[in-house]
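To start, the structure under review is shown below, and the notes come after it.
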Amino acid sequence: MTYLVFARAAVLRNLTYRAGYWMSLTGTASMVAVQYYLWSAVYSTAGLAPAGMTLGQTLTYVLTARAASTFLSLDAGRGISRRVRLGTIAAELARPVDLQLSLFFEGLGEATFALLAVSAPVFAVLVWAGAVVLPSPGALHWFLLSLLLAYLVTYALSFAVGLVSFWTGNGMGLADFLEAGVFLFSGILVPLDFFPGPVRALARALPFQAIYHLPMSILTGRAGSFGGALAMQAGWAVLLIWAGRVVWRRARPFLVVQGG
Amino acid sequence: MRQLEPFPRGPAQLAHYLRLYTVYLRVGWLSLMAYPVDFVVRNLGNLFWNLASVGAIWVIFTFAECIGGFDRAQVLFIYAMSMLARSIWHLLWVNMMSIGFYVQQGTLDRLLVRPLDPLFQVVAGYVDNDDWGELALGLVVLVVAGRTVGLGNDPLLVAWTGLAVLSGSLVYAAIHLAAASTAFWMVQNSAVTRLAWDMDSFSRYPLDIYPVAVRLTLTWVVPFGFAAYYPSQLALGTGTYRYLALLTPVVAAAAFAGAYRFWRHGLGRYQGTGT
Amino acid sequence: MPTIIAERLTKDYRIPRRGHGVGSYLRTLFTPSYREVRALDAVSFAIEPGETVGYIGLNGAGKSTTVKLLAGILAPTSGRVKVGGIDPHRERVTNARRIGLVFGQRSQLLWDLPVRETFHLLRHVYRVPPDRYHANTRRFFELLELDAVWDQPVRLLSLGQKMRCELAAAFLHDPSVVYLDEPTIGLDVLAKGAIREFLKEISQKTQVTVFLTTHDLRDIEEVCRRVILIHQGSLVYDRSPQELVQEYGQNARLEVAAAGDAVPTAPPGSRLEGRTGDRWVFTFDRQRVRVPELLAVLGQELSIRDVTVTGLDLESVVRRIYGGEAP
């Protein structure tokens with residue numbers, strides 16, 4: 001498939017930019033460390049099991065989410081706002097490739113590198129140290145599938161937000177908003193089950209839970225049913241991808257006018 | 001050669017720099033205002049991001065009684081002090097993180113041909129635009145949590161907290177200046193500056209939650225402990241390290257002096273003197 | 001007493017030796033190993049007050065290093081430099097007040113703000129007295145047409161307009177010495193002309209010493225009274241530009257595209273320099289021989305398809321000089 005060259009280029013770029021690699025590895029590792037000590041301290045009161053979650057489950061949930069956050073980066077959609085800001089987008093639209101697809105594969109290359117070179121090693125160390133408890137091999141497969149769906153949701157969300165830069169000329173501010181939303185409602189900061197009732201209900205109605213909460217629920221064996229969680233993620237992925245295409249179709253003529 | 005009146009020395013020199021600093025700040029502010037929409041949106045995003053972080057602590061305390069021996073108001077107080085100290089550093093002095101970039105691009109040369117201290121030019125040369133949310137929220141949380149812990153009753157402790165926040169900013173400045181100055185020895189030092197940047201999340205919670213080795217590191221090697229945790233103990237009236245709290249301004253000044261010496265050493269190396 | 005004195009000025013750079021990977025990165029942090037590269041080798045010259053000197057050489061010849069040593073940015077490895085009687089590196093701040101600097105590639109203008117803001121800032125940085133500030137800005141309005149761009153953000157200016165602003169910014173505080181590093185690079189003919197006019201005017205009317213590095217021989221011809229040429233870190237030429245032009249500037253270059261591989265003999269008054277692609281390259285002296293005469297001779301030997309004639313660029317001049325060819 002021809003679009004794989006975009007993914008390959010992204011991986012190669014990451015391989016040559018060595019300093020960037022150590023940056024994201026040390027960054028991820030120190031965030032994971034802070035979370036580990038924070039949650040261990042929270043659980044130091046004997047017999048605590050909020051929402052029925054044990055320390056082991058909470059650590060597995062929170063630390064795996066942090067390790068995965070490098071791979072589930074919201075930078076994916078920044079490719080498009082960067083191109084709008086630099087003004088190269090009009091020329092790229094004129095190329096005989098589907099820009100939306102090539103951007104997707106570029107993002108996929110970045111994500112693959114982050115997964116294999118940062119997230120996976122950190123995860124492996126966490127498992128080795130006993131901080132993260134692995135479920136049965138069966139559940140692990142479902143978890144990996146769920147991570148893939150989480151990537152699609154992340155990508156679709158950040159792509160749609162990046163498209164807004166077609167109108168504003170600069171999507172950076174909005175990207176910060178998106179980051180705040182993910183931070184609050186995805187489970188990366190606090191497992192969603194810890195939220196008080198109404199906030200939890202709100203979080204369950206938003207797409208952000210598909211990024212961390214649903215995969216981590218599968219990993220910790222707390223998803224009601226694997227099928228239900230995966231179907232929810234797939235639903236959000238399809239909806240957001242569809243929304244992205246709609247916005248894309250509306251944005252395109254606007255951009256061609258602006259760029260022409 | 002034309003004779004120039006001598007440049008001011010001593011207190012007059014300080015006045016000259018203070019006056020120049022206001023001129024630089026005006027320039028930085030006008031540059032931000034060149035993109036007003038971007039400024040507003042980024043700061044709102046920053047505010048929500050910080051709200052989420054504070055909200056997380058609040059959520060944790062819906063079921064936990066304490067973290068590292070500190071209750072909700074105390075943990076929030078420490079967190080707010082770190083937000084304030086960090087945002088003051090970030091808003092005014094964050095450009096010191098660009099030192100590596102200045103060295104690589106040769107921009108440093110431009111600063112060396114002006115009759116001013118180069119570090120002054122680095123930090124005054126750019127005002128950051130996207131951390132006002134952290135400053136505002138830090139102030140609100142500090143006041144609310146401060147009242148809950150009974151701080152409002154003692155003007156001396158309020159004054160101490162103010163001094164402690166400024167010292168905390170100096171601690172952030174010292175750590176980031178030292179990290180950024182590695183640029184004089186390394187071609188690419190972004191891994192070091194990024195590590196310092198990410199490590200500052202260690203400064204936000206009570207140090208009691210970390211194992212001894214981490215605590216010692218955060219106290220004597222990379223003194224993030226003095227950014228908020230140690231100085232807060234005097235205001236909170238709890239904790240085992242109240243005597244260390246009083247050291248905060250001294251540690252901050254010493255750390256900055258050390259970082260400044262490291263920067264001068266690096267600069268000397270860049271210019272080809274000594275070493 | 002000369003304004004600038006350089007005595008056996010030498011600068012070595014230490015380039016760290018390092019392999020790849022974090023391990024070797026860390027190792028070199030603690031046990032560094034270097035190789036020394038000599039950028040400038042025992043260069044001596046003295047420049048009198050009010051002189052306008054062109055400093056030329058190929059890329060990497062040591063031009064920028066010299067400017068950095070004179071401006072106090074770098075300390076020499078050995079040798080001595082005095083500007084206005086002081087060591088510019090040791091007394092960096094005192095020296096910085098007396099000098100102005102234009103780095104062609106590194107702007108000192110405030111990118112997002114109107115031009116006037118840069119000047120407002122510099123006025124405070126150098127403590128320019130109000131009467132001097134107003135007199136100087138008036139002069140810049142006149143000579144460099146700064147009034148037209150005064151209220152415009154720098155990012156909206158053309159390259160030429162930006163360079164005029166850079167030039168004015170370097171002269172704002174009445175410096176005694178001004179270093180100009182490639183001030184005309186990338187500019188169109190009009191902008192180059194304006195900048196040369198300004199430099200001529202200001203060096204005639206004031207006692208400012210101008211030290212100019214450039215790639216453009218015309219800058220030198222029009223503005224400078226003296227040329228210093230360095231090559232591979234050493235001074236190879238220090239005379240007037242008239243001499244330089246007489247010796248080399250009359251030379252032109254003729255390129256002839258012709259079929260076949262037979263090596264032609266150079267017509268009288270010309271020299272065969274070599275071949276690039278399918279073109280034979282000759283240099284000749286315009287004073288002595290004219291192009292039609294050359295072509296008439298060459299046409300007997302070659303079947304000429306195409307012809308280009310250019311003036312010799314600085315690079316070729318430099319190559320001839322360091323090539324050791326007596327003019």
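Worth a mention:
- From the list A:Ala175, A:Ala129, the lone residue that is modelled with pLDDT of 75 or more, within 14 Å of chain B (Cβ to nearest Cβ) and closer than 23 Å to A:Trp22 by Cα is A:Ala129.
- All of B:Arg242, B:Arg215 fail the test of being within 23 Å of A:Tyr37 (Cβ to Cβ), open to solvent by 20 Å² or more (accessible area, probe 1.4 Å) and within 14 Å of chain A (Cβ to nearest Cβ), apart from B:Arg215.
- Residue in the range B:167-179 that is touching a Gly at 6+ places or on another chain (Cβ under 8 Å), under 21 Å from B:Val123 (Cα atoms) and open to solvent by 20 Å² or more (accessible area, probe 1.4 Å) present: yes
- Taking the range B:245-264 as the range and being away from chain C (no Cβ under 14 Å) and closer than 23 Å to B:Leu108 by Cβ as the test, the residues that pass are B:Phe256, B:Ala257, B:Gly258, B:Ala259, B:Tyr260, B:Arg261, B:Trp263.
- Checking each residue in the range B:101-110 for being in contact with a Phe, Trp or Tyr (Cβ under 9 Å, 6 or more places away or on another chain) and either at pLDDT 95 or above or under 18 Å from B:Ala179 (Cα atoms) (or both) picks out B:Val103, B:Leu108.
- 2 or more residues more than 14 Å from chain A (Cβ to nearest Cβ): qualifying helices (runs of 4 or more DSSP H) within the range B:1-105: B:11-32, B:72-93, B:99-105
- Residue in the range C:15-50 that is surrounded by the fewest Cβ atoms within 10 Å (Cβ to Cβ), counting only those that are in contact with a Gly (Cβ under 9 Å, 6 or more places away or on another chain) and at pLDDT below 90: C:Arg27
- The test for being in a strand (DSSP E or B) and over 28 Å from C:Glu243 (Cβ atoms) holds for C:Gly100.
- Filtered by the rule that a residue be open to solvent by 40 Å² or more (accessible area, probe 1.4 Å) and closer than 19 Å to A:Leu72 by Cα, the range A:27-47 gives A:Ala29, A:Met31.
- Matching residues in the range C:64-81 - criterion: being more than 8 Å from chain B (Cβ to nearest Cβ) and in a helix (DSSP H, G or I): C:Ser64, C:Thr65, C:Thr66, C:Val67, C:Leu69, C:Leu70
- Selected residue (criterion: surrounded by the fewest Cβ atoms within 10 Å (Cβ to Cβ)) from residues of the range C:66-85 that are touching a residue at least 24 places away in the same chain (Cβ under 8 Å), within 15 Å of C:Arg8 (Cβ to Cβ) and hydrophobic (A, V, I, L, M, F, W, C): C:Val81
- The conditions of being open to solvent by less than 60 Å² (accessible area, probe 1.4 Å), at pLDDT 90 or above and closer than 20 Å to C:Ile220 by Cα are not met by C:Ile56.
- Between B:Met33, B:Met83, B:Met97, B:Met1, the distinction of being of a type in the set (A, V, I, L, M) and at pLDDT 95 or above belongs to B:Met83 only.
- Scope the range C:151-164; condition in contact with a helix residue (DSSP H, G or I) (Cβ under 7 Å, 6 or more places away or on another chain) and either crowded, with 23+ Cβ neighbours inside 10 Å or of a type in the set (Lys, Arg) (or both); matching residues: C:Lys162, C:Met163, C:Arg164
- A residue that is crowded, with 21+ Cβ neighbours inside 10 Å and of a type in the set (Asp, Glu) cannot be found anywhere in the range A:183-206.
- Helices (runs of 4 or more DSSP H) contained in the range B:106-201 and holding at least 2 residues in contact (Cβ under 8 Å) with a residue 40 or more places away in the chain and away from chain C (no Cβ under 14 Å): B:132-148, B:155-181, B:190-199
- Count - residues of the range A:178-206 that are assigned to a helix (DSSP H, G or I) and at the interface with chain B (Cβ under 7 Å from one of its Cβ atoms): 5
- Where helices (runs of 4 or more DSSP H) sit wholly within the range C:200-307, those with at least 1 residues that are over 19 Å from C:Ala61 (Cβ atoms) and either of a type in the set (A, V, I, L, M) or open to solvent by less than 20 Å² (accessible area, probe 1.4 Å) (or both) occupy C:217-223, C:291-301.
- Going through (1) closer than 27 Å to C:Phe45 by Cα; (2) within 9 Å of another protein chain (Cβ to nearest Cβ); (3) in a loop (DSSP other than H, G, I, E, B) one by one, C:Ala61 falls short only on (2).
- All positions within the range C:113-125 that are closer than 21 Å to B:Leu18 by Cβ and at the interface with chain B (Cβ under 7 Å from one of its Cβ atoms): C:Glu117, C:Leu121, C:His124, C:Val125
The values are calculated or read from the model by the stated rules, or taken from the named source; none is laboratory data. Just so it is clear, the structure is predicted and the values come from calculations on it, not from any experiment. For neighbour counting, all protein chains shown are included, and Cβ atoms are generated from backbone atoms with ideal geometry for every residue, glycine included. The accessibility values were calculated without ligands, DNA or RNA, using every heavy atom of the protein model including side chains. Shrake-Rupley method; radii C 1.70, N 1.55, O 1.52, S 1.80 Å.
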